[in-house]
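What follows is a single structure, written as structure tokens, with notes after it.
The values are calculated or read from the model by the stated rules, or taken from the named source; none is laboratory data. What you see is a predicted model, and the numbers here were worked out from it, not measured in a lab. Reconstructed Cβ throughout: ideal geometry from the backbone, glycine too, with neighbour counts over all protein chains shown.
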Amino acid sequence: MICSQNDIKFYNDFQLTNFNTLKIKSTAKYFYMPDNDGELITLLKKYKNLNPIVIGNGSNILFSSKGVEEPVIYTGKMKSSIIIGNILEAQAGVKVQTLSKLALDKKLSGFEFLIGIPASLGGACYMNAGAHGCSISNNFISAKVYDIEKNKVITLKKEDMNFSYRHSILKEKRYILLSAKFELKKAPSEEIKSKMDENIIFRKNRQPNLAIPNAGSVFKNPENCEFSAGALIDKCNLRGFQIGDVQVWENHCNFVINKGKATSSDYIDVIFEMYSRVKEKFNIELTPEIIYIGKMSKSEKEKWKILKK
Ligand SMILES: Cc1cc2nc3c(=O)[nH]c(=O)nc-3n(C[C@H](O)[C@H](O)[C@H](O)COP(=O)(O)OP(=O)(O)OC[C@H]3O[C@@H](n4cnc5c(N)ncnc54)[C@H](O)[C@@H]3O)c2cc1C
């Protein structure tokens, strides 16, 4: 049902299946689609005590099949961007693949690595998304964020963002990214295009595309280990391992796919098995990249606590 509050549209009992790339069936009690910064800030202020959850493209989210009580705010309509000289500035909801193509149009290099990542800019900054030896922090200048604690919009510079491998200050949940600014470099378009093509080819067969519902790499690669997370999982003979409709992908063991009717509970069981077997065999504790949103049973909570510690 579509309702309106202060002209900001919201939906009750909203189906989230098309708002997460894993295609988990879930329902948000309240779902909002702000058109601009002002509306987003109004919602964040209004629902501060209900812990509103801001989402981008849902490519790193595991929604609970039991539903989400907190207000869910989708940034996908906040998608303007501007390029002046070699400076690109964009709103949180812009898809980074769009930014990669825009940069190419303007003969600007630095965003070629984003071409295969199905993220919004907000989600990419939150995760410090990266690939092919680059990450969003590389060309980052600053971000305009809403500070939930101080109730105001501030600017965070690159050094304030605490960027590291798949980490940024946004994970502390105090700031919501409204827009961000990057410095790119002039380069011949053939060079940029050929890097983008290489990156796309590299992904083929190494990653499921979005026609096979998934949420990207399940675990971070462990530090100081000669093997990647995928190789460790493979060595535990988990290729193709399946519970319900959730399966460790046959082509690469650090991806878990939804074969049709996956539930969040089956997903947790599968990744807990991956974590436990790797821990048992190698004494390495893998850390999941994915963010869980929504209700959890007691046993799910216990498993998730172990996975995220
Ligand atoms: C096929 C596939 C390939 C992938 N390849 C890569 C890859 O190469 N490299 C890589 O790093 N990742 C990859 N990923 C994972 C995923 O795309 C990234 O983690 C991405 O950064 C998530 O962005 P999103 O917009 O989808 O965020 P969401 O999944 O919507 O949200 C992720 C987190 O960010 C928070 N968030 C979102 N927007 C904001 C905002 N405006 N302000 C504050 N917090 C916010 C959310 O609350 C949530 O906690 C891949 C995923 C898939 C499905």
Could you tell me which of the residues 119, 90 is closer than 26 Å to residue 202 by Cα and among the aliphatic types (A, V, I, L, M)?
119
Residue check for residue 58: closer than 30 Å to residue 105 by Cα, touching a Phe, Trp or Tyr at 6+ places or on another chain (Cβ under 7 Å) and in a loop (DSSP other than H, G, I, E, B)
yes
Do the conditions hold for residue 208, that is, is it near the ligand (Cβ under 9 Å from one of its atoms), modelled with pLDDT under 95 and outside the structural domain of residue 46 (by TED's automatic domain parsing)?
yes
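Filtering the stretch 125-156 down to residues that are in contact with a Ser or Thr (Cβ under 9 Å, 6 or more places away or on another chain) and among the small types (Gly, Ala, Ser), which residue is nearest to residue 56 (Cα to Cα)? Working first, answer last.
We begin by selecting, within the stretch 125-156, every residue in contact with a Ser or Thr (Cβ under 9 Å, 6 or more places away or on another chain); these are 125-130, 136-137, 142-145, 155-156.
Checking the rest, the ones that are also among the small types (Gly, Ala, Ser) come to 129-130, 137, 142-143.
Numbers: 129: 13, 130: 16, 137: 18, 142: 19, 143: 16 Å.
Looking at the filtered set, the residue picked out is 129.
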I'm checking my understanding of the structure. Among residues of the stretch 111-124 that are aliphatic (A, V, I, L, M) and assigned to a loop (DSSP other than H, G, I, E, B), which one is nearest to residue 61 (Cα to Cα)?
119
Take the residues of the stretch 168-202 that are within 11 Å of the ligand (Cβ to nearest atom), at negative phi and surrounded by fewer than 16 Cβ atoms within 10 Å (Cβ to Cβ): which is nearest to the chain's Cα centre (by Cα)?
171
Take the residues in the stretch 71-88 that are hydroxyl-bearing (Ser, Thr, Tyr) and either near the ligand (Cβ under 9 Å from one of its atoms) or part of a strand (DSSP E or B) (or both); name whichever of them is surrounded by the fewest Cβ atoms within 10 Å (Cβ to Cβ).
81
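Results for (1) near the ligand (Cβ under 9 Å from one of its atoms); (2) farther than 24 Å from residue 208 by Cβ; (3) among the charged types (D, E, K, R); (4) buried (at least 18 other Cβ atoms within 10 Å of the Cβ), shown as yes or no for each residue.
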site: 65; (1), (2), (3), (4): no, no, no, yes
site: 90; (1), (2), (3), (4): no, yes, no, yes
site: 95; (1), (2), (3), (4): yes, no, yes, yes
site: 104; (1), (2), (3), (4): no, yes, no, yes
site: 119; (1), (2), (3), (4): yes, no, no, yes
site: 130; (1), (2), (3), (4): yes, no, no, yes
site: 135; (1), (2), (3), (4): yes, no, no, yes
Listed by first then second residue, the pairs whose first member lies in the stretch 175-189 and is closer than 25 Å to residue 150 by Cα, whose partner is of a type in the set (Lys, Arg) and within 14 Å of the ligand (Cβ to nearest atom), with beta carbons under 9 Å and at least 6 positions apart or on separate chains, are 177/144; 178/144; 179/144; 180/144; 181/144
Out of 301, 308, report the one residue that is more than 23 Å from residue 206 (Cα to Cα), modelled with pLDDT under 95 and of a type outside the set (Gly, Ala, Ser).
308
Residue by residue through the stretch 22-63, note down the ones that are surrounded by fewer than 21 Cβ atoms within 10 Å (Cβ to Cβ), within 16 Å of residue 264 (Cβ to Cβ) and either within 14 Å of the ligand (Cβ to nearest atom) or in the same structural domain as residue 293 (by TED's automatic domain parsing) (or both).
53
